[in-house]
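Here's the structure, in structure tokens; my notes come after.
The values are calculated or read from the model by the stated rules, or taken from the named source; none is laboratory data. Since this is a predicted model, take the numbers as computed values, not measurements. Using ideal geometry, Cβ is built from the backbone for each residue, glycine included, and neighbour counts are taken over all protein chains shown. Only protein heavy atoms, including side chains, enter the accessible area calculation; ligands, DNA and RNA are left aside. Shrake-Rupley method; radii C 1.70, N 1.55, O 1.52, S 1.80 Å.
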Number of protein chains: 4
Amino acid sequence: MTGGFALEQRLRIRVYLEDTDAGGVVYHATYLRFMERVRTELLRAAGLQQSETFQSDVSFVVHSLELAYQRPAMLDDEVEVSCRVAEARPASLTFEQEVTRVSDGEVCCRGRVRVACISIASKRPKRIPPELLERIQAPPAP
Amino acid sequence: MTGGFALEQRLRIRVYLEDTDAGGVVYHATYLRFMERVRTELLRAAGLQQSETFQSDVSFVVHSLELAYQRPAMLDDEVEVSCRVAEARPASLTFEQEVTRVSDGEVCCRGRVRVACISIASKRPKRIPPELLERIQAPPAP
Amino acid sequence: MTGGFALEQRLRIRVYLEDTDAGGVVYHATYLRFMERVRTELLRAAGLQQSETFQSDVSFVVHSLELAYQRPAMLDDEVEVSCRVAEARPASLTFEQEVTRVSDGEVCCRGRVRVACISIASKRPKRIPPELLERIQAPPAP
Amino acid sequence: MTGGFALEQRLRIRVYLEDTDAGGVVYHATYLRFMERVRTELLRAAGLQQSETFQSDVSFVVHSLELAYQRPAMLDDEVEVSCRVAEARPASLTFEQEVTRVSDGEVCCRGRVRVACISIASKRPKRIPPELLERIQAPPAP
């Protein structure tokens with residue numbers, strides 16, 4: 001196997017004004033946006049372009065999620081957002097994710113997000129394309 | 001003529017935490033979201049559902065805009081957003097819009113937004129459906 | 001008791017372009033924005049203005065949440081978002097919320113959201129102001 | 001002079017699902033978010049942290065802007081967003097900005113954004129801190 005797909009992905013994200021609210025901290029729904037960016041990069045590293053899936057009538061949609069907010073991230077903070085495949089089923093993937101402030105290593109938010117594979121046309125569940133699932137389940141190259 | 005389509009539309013919008021930023025005021029891009037809500041309602045009142053246009057390969061996209069920010073709207077404010085057709089051309093409409101705080105009548109933001117009619121498939125300009133243009137150009141019923 | 005604070009709140013929300021994504025449906029984080037609007041209205045009905053709490057060094061921040069997505073809401077849909085106090089503790093409130101499409105009564109998203117009362121200055125937990133907690137725990141007037 | 005502050009700043013930004021709408025393209029207000037990220041980085045390079053200005057009662061708020069949309073950016077596109085100081089006045093800065101798709105060099109959106117320096121406390125105009133204005137007006141080190 002080549003390519004060495006990592007089952008874990010990390011992304012550094014800067015907090016801009018758009019991400020905050022009048023409470024002076026990162027708005028609670030912003031963490032979902034941050035987490036989705038890293039899931040997208042993890043799937044891209046596994047060979048999946050979100051825009052291409054639209055063409056092949058395959059899409060991943062969020063099925064359910066749990067979030068625990070621990071410390072507020074603030075304007076100008078740099079955070080590192082992680083994403084790890086916790087479970088891979090025929091038609092869904094579950095990711096564990098964390099948002100950590102880089103400056104002090106504090107965890108700001110932890111999440112568990114399950115995404116389902118669906119047909120865009122029918123909006124019904126669909127099996128994950130086998131070549132994608134294989135790459136996700138296979139251990140990365142040494 | 002029946003129905004009495006008004007060339008002007010107004011919508012009251014409450015400012016929620018999602019609309020603000022760490023500066024303690026409404027985030028500058030939020031006004032564009034507010035203004036689009038009213039344009040959508042004006043077009044809906046003229047018989048156009050945005051989601052239906054997608055099915056008939058017609059879409060309106062923003063072509064250009066100018067905004068002038070005058071006073072910040074704040075969390076919990078109620079604002080009234082207006083929308084007036086300033087110009088109707090074969091393939092574009094220009095709207096004049098204002099965001100006014102209800103409590104004191106202060107204008108928070110003024111905008112001029114030109115939207116172009118396009119084909120979704122080709123992403124190229126397209127004539128506005130004649131029945132829609134007619135309703136927009138016709139004077140409202142007395 | 002007068003005033004008749006309802007422990008349940010409902011709000012009708014129209015889905016605009018800003019709420020959707022390229023998958024053609026409501027973006028998954030948008031439901032959090034919708035749910036927060038109704039929590040804000042519930043607290044407002046109980047006498048709490050979010051902006052005033054900022055002045056008295058009290059703020060509610062989301063502590064944790066669970067969401068289950070069931071059917072996608074679509075552009076132009078009207079949804080009804082509900083909010084019910086499921087649990088009231090000295091320094092936190094738990095809400096159960098649902099987003100339902102008005103046209104067919106389908107539930108699009110269900111959520112359970114726990115918000116914590118904090119001091120804005122210290123960002124530490126703080127007791128919910130007793131007069132607010134009382135109004136939330138008291139049965140609504142018959 | 002040391003440090004070599006560049007009067008121009010560029011930032012590569014990936015388009016995620018959060019940035020798009022049901023029309024299948026980047027939502028028109030998203031470009032304002034992208035442009036603000038680069039202005040923030042330009043000011044940071046000049047020694048200004050947005051969060052610090054809040055502490056010294058100085059903030060930059062958008063005063064007015066013009067945008068021209070030329071080609072839609074799409075999901076998964078990488079865009080480069082530029083920011084150039086076009087004019088520096090005692091209490092305002094005007095930036096010229098462009099969003100260009102990296103893959104084909106197409107300009108997606110052009111903007112001219114004027115930001116005003118204000119006091120956070122009074123929300124009134126205020127002179128730009130002289131050391132910041134100096135760094136912006138000084139030619140970058142060779």
Meets criteria (open to solvent by 50 Å² or more (accessible area, probe 1.4 Å) and without any contact (Cβ under 8 Å) to a residue 24 or more places away in the chain) for D:Glu134: yes
Residue list for the range B:106-125, restricted to those being open to solvent by 70 Å² or more (accessible area, probe 1.4 Å) and either part of a strand (DSSP E or B) or within 30 Å of B:Met74 (Cα to Cα) (or both): B:Arg110, B:Arg112, B:Pro125
Residue satisfying all of: in the range A:44-74; assigned to a helix (DSSP H, G or I) and either open to solvent by 10 Å² or more (accessible area, probe 1.4 Å) or at pLDDT 95 or above (or both); farthest from the other protein chains (Cβ to nearest Cβ) among these: A:Ala45
Exclusive hit being closer than 22 Å to D:Lys123 by Cα, touching a strand residue (DSSP E or B) at 6+ places or on another chain (Cβ under 7 Å), crowded, with 19+ Cβ neighbours inside 10 Å and modelled with pLDDT of 95 or more, set B:Val15, B:Val25: B:Val15
A:Val99 vs. criteria within 14 Å of chain C (Cβ to nearest Cβ), over 16 Å from C:Tyr69 (Cα atoms) and among the β-branched types (Val, Ile, Thr): yes
Options C:Ile136, C:Ile128; residue that is closer than 19 Å to C:Arg39 by Cβ, part of a loop (DSSP other than H, G, I, E, B) and modelled with pLDDT under 95: C:Ile128
Selection from the range C:28-38 of residues that are closer than 18 Å to B:Asp77 by Cα and open to solvent by less than 10 Å² (accessible area, probe 1.4 Å): C:Phe34, C:Val38
The range B:75-89, residues that are part of a strand (DSSP E or B), surrounded by fewer than 23 Cβ atoms within 10 Å (Cβ to Cβ) and more than 11 Å from the chain's Cα centre (by Cα): B:Glu78, B:Glu80, B:Ala86, B:Glu87, B:Ala88
Some residue of the range C:90-103 being touching a Leu at 6+ places or on another chain (Cβ under 6 Å) and either open to solvent by 20 Å² or more (accessible area, probe 1.4 Å) or in contact (Cβ under 8 Å) with a residue 40 or more places away in the chain (or both): no
Yes/no for D:Arg10 being at pLDDT 95 or above, facing another protein chain (nearest Cβ under 7 Å) and within 17 Å of D:Arg101 (Cα to Cα): no
C:Ala29 being small (Gly, Ala, Ser) and either in contact (Cβ under 8 Å) with a residue 40 or more places away in the chain or under 29 Å from D:Tyr16 (Cβ atoms) (or both): yes
